[in-house]
Amino acid sequence: MVNIAVLGYGTVGSGVVEVIQTNQEIVNKRAGDEVNIKYVLDLREFEGDPIQKILVHDYNVILNDEDVKVVVEVMGGVEPAHTFVKQALEAGKSVCTSNKEMVAKHGAELIQIAKDNNVNFLYEASVGGGIPIIRPLTSSLTCDDITEVSGILNGTTNYILTKMRDQGAAFEDVLKEAQEMGYAERNPEADVEGYDACRKIAILTSLVCGQQVDYEDVHTEGITKITQQDFEYAKALKGSIKLLGTYQRIEDKVYVMVAPFVVSEKHPLYHVNDVFNAVFVHGNMLDDAMFYGRGAGKLPTASAVVSDIVDEVKHMGRNIMQIWEPGKLELGNFDDWKHKFLVRIQSEDIDDVNMDDVKNAFGDVLYVKAPGIANETAFVTAPMAEGAFKEAIQNFEGVISTVRVGF
Ligand code: HSE
C-alpha cells in the first residue's frame, strides 16, 4: 500500500479524492499498488463529510510521517505551497501538483530537488487541465525539434469568446457563468487579462527549450477590449477570435506571447470552443499534432493529478528524467516579431480614407468589410514587425482597435 496526502480540499482536491474513490480498482491496477489517501490537509472543517476522519490542519503531521510517500499539492498560490512542496521533496516524498503559478516560478528548482532526492515532481494538471500535454512533451515527443507550441490555454476566456461570438452575449454575463461553473480563477483578472495563459505558455516553452522562461518576460494581452465588431470582422475574414499562448522559434530566436488572434477556420484551433482547451504542436519530424480536451473543471483536472500519482507510485525510488534548467532563457526581441494586424479606423465610409496615408503607414493592406458596421474602415496589414506596427498606430489618427491575424 502506498500512502498519499492531499494538500487542499477545494475544487481540485475534492476532485482528486473523488477520482481515486470512483476508480480505485483501475488506479491501483495501473499504479501496481494500492493507493491510500491517509491525510487531507485544509484549514477548514468539513462536518458531515467522511473526509473529516482523515482531515489534518497541521502540515507537519504529513511531513513527519514517513509512511506518506506522495504529497498532492492542490492548494494553489505560490506560498505556502512552494515551501510545503520543497520540504516534502527534501523529506524524500514525491510531489504532484496542479499549481501553475508555482510550477511557472519554481519548476526548475523543484525538478532539481526531486532529482537530488531520487523522487519525482510532476505537474501534468498545471497546463491544459485534463489534457495530457506535459507528459507528451517530456516523454513522447523526445526526438523532435519543436518549433511551435500554440494553445488555447484558458477555459474561461475561451468560454467567454465563444459565447460572445455565437450568442452576442455580454462579456460580464458570460464571465459570471464561467465563475459559477467553477472554471474561473478566484480573481478573474488572471483569466481575462491573460495572466493564467501566460504562466501556462511559460511552462510549455521552458519544457520545450529545456530552460527557464520567466513569465514576466512574456508579452501578455487579455480579452477585455474585444468587441462584437471585432468578431464581425473576424467572421468576414472566415475566422474567429481566440486567446492564444504561443511559442515560436524563428531563425534560432525564441518568441513567446499571449494575445487574442484572429484564427482562420482552416486552423484546427478555430474549432476549439467553449471551455475546451487545445495545444497545437509543430515538430520538424512530427509535423503537426494537436492535444484537445477539457482545460478546467474539477474532475478533468483531478484526472490529470491522479495520473501523476499513478506515475509516481510506478516510479517509486527512481527519478523520471526531465530537462528544465534554471538558467534564464534569453527571448528574441518582441519588437522584431512579425504579425499581420486587423486595424479598424474611424471614417464616414471607405472613400474618406486616404489610402496613400494608410499605405505610407502600414504598407500594402487588404481592405475588409463587415456587414452592418458603419462609420469605420478596416484592413489587414501584411506581416509587420511588432515595433514598427506600434509606431505606425501611435502616429495614425482615428484607430478604434487592432487584433493580430495569425493562425
Ligand atoms: N481558470 C483556469 C481556466 C482554470 O479557466 O482555464 C484552469 O487552469
FRET efficiency estimate (nearest 0.05) - Cβ-Cβ, Ser264 to Arg135, R0 30 angstrom
0.50
Please find the FRET efficiency linking Lys53 to Met1, where r is the Cβ-Cβ separation and R0 is fixed at 25 Å, and quote it to the nearest 0.05.
0.90
With Cβ to Cβ distances under 9 Å as the rule, what net charge do the other residues near Val262 carry (K, R +1; D, E -1)?
+2
Quick one: net charge of Ser140's neighbours, Cβ under 14 Å, K/R +1, D/E -1?
-2
Expected unfolding gain across Glu189-Glu79 under the 0.36 nm per residue rule, minus the alpha-carbon gap, is 37.7 nm
Per the 1/(1 + (r/R0)^6) rule, R0 = 51 Å and r from the Cβ atoms of Glu45 and Met355, FRET efficiency to 0.05 is 0.15
How do Tyr159, Tyr183 rank by accessible surface area computed with a 1.4 Å probe, from largest to smallest?
Tyr183, Tyr159
Set of aspartates and glutamates near Lys176 by C-alpha distance (under 19 Å), chain-local residues within fewer than 8 positions excluded:
Asp166, Glu185, Glu189, Asp191, Glu193, Asp196, Asp274
Given the C-alpha centroids of segment 332-407 and segment 36-67, what is the distance between them in whole angstrom?
57 Å
For Gln21 and Ala289, calculate 0.36 nm times their separation in residues minus their Cα-Cα distance, and state this gained length in nm to one decimal.
93.2 nm
Under 25 Å Cα to Cα from Lys238, which lysines show up? Leave out anything in the same chain fewer than 8 places away.
Lys163, Lys225, Lys266, Lys338, Lys340, Lys359, Lys369
Highest average packing first - 220-230, 388-398, 114-124, Cβ atoms within 10 Å
114-124, 220-230, 388-398
Any idea what diffusion coefficient segment 135-294 gets from Stokes-Einstein, in µm²/s, Kirkwood Rh on alpha carbon pairs, 37 °C, 0.692 mPa s?
205 µm²/s
For segment 337-406, compute Rh as the Kirkwood radius over C-alpha pairs and then the Stokes-Einstein diffusion coefficient at 4 °C and 1.567 mPa s; write the answer in µm²/s, rounded to an integer.
107 µm²/s
Report the charge-dipole magnitude of the chain in Debye, nearest 20, computed about the Cα centre from +1 at each Lys and Arg Cβ and -1 at each Asp and Glu Cβ.
920 debye
Near Ser401, within a Cβ-to-Cβ distance under 13 Å, what is the net charge of the other residues, with Lys and Arg +1 and Asp and Glu -1?
-1
Using the Cα centre as the reference, give the magnitude of the dipole from point charges on the C-beta atoms of segment 134-249 (Lys, Arg: +1; Asp, Glu: -1; all else neutral), rounded to the nearest 20 debye.
360 debye
Mind checking which lysines have their Cα closer than 27 Å to the Cα of Lys69? Skip sequence neighbours fewer than 8 apart in that chain.
Lys29, Lys38, Lys53, Lys86, Lys93, Lys100, Lys105, Lys115, Lys298, Lys314
Ordered by residue, what ³J(HN,Hα) values in Hz, to whole numbers, does segment 90-96 give under the Karplus form 6.51 cos²θ - 1.76 cosθ + 1.60, where θ = phi - 60° and Gly and Pro are x?
5, 8, x, 9, 6, 10, 10
Determine how large the accessible area of Cys96 is when every protein chain is in place; take a 1.4 Å probe and give Å² rounded to the nearest 10.
0 Å²
Of Asn23, Gly10, Gly107, which is farthest along the charge dipole of segment 1-110 in the positive direction, counting Lys and Arg as +1 and Asp and Glu as -1 at C-beta?
Gly107
Charge dipole magnitude, Cβ of K and R +1, D and E -1 - segment 74-218, Cα centre, debye nearest 20:
460 debye
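The values are calculated or read from the model by the stated rules, or taken from the named source; none is laboratory data. In this text the structure is predicted, and so the values were computed from the model without any measurement. As a convention, Cβ positions derive from the backbone with ideal geometry for all residues, glycine included, and neighbour counts pool all protein chains shown. The accessibility values were calculated without ligands, DNA or RNA, using every heavy atom of the protein model including side chains. Shrake-Rupley method; radii C 1.70, N 1.55, O 1.52, S 1.80 Å.
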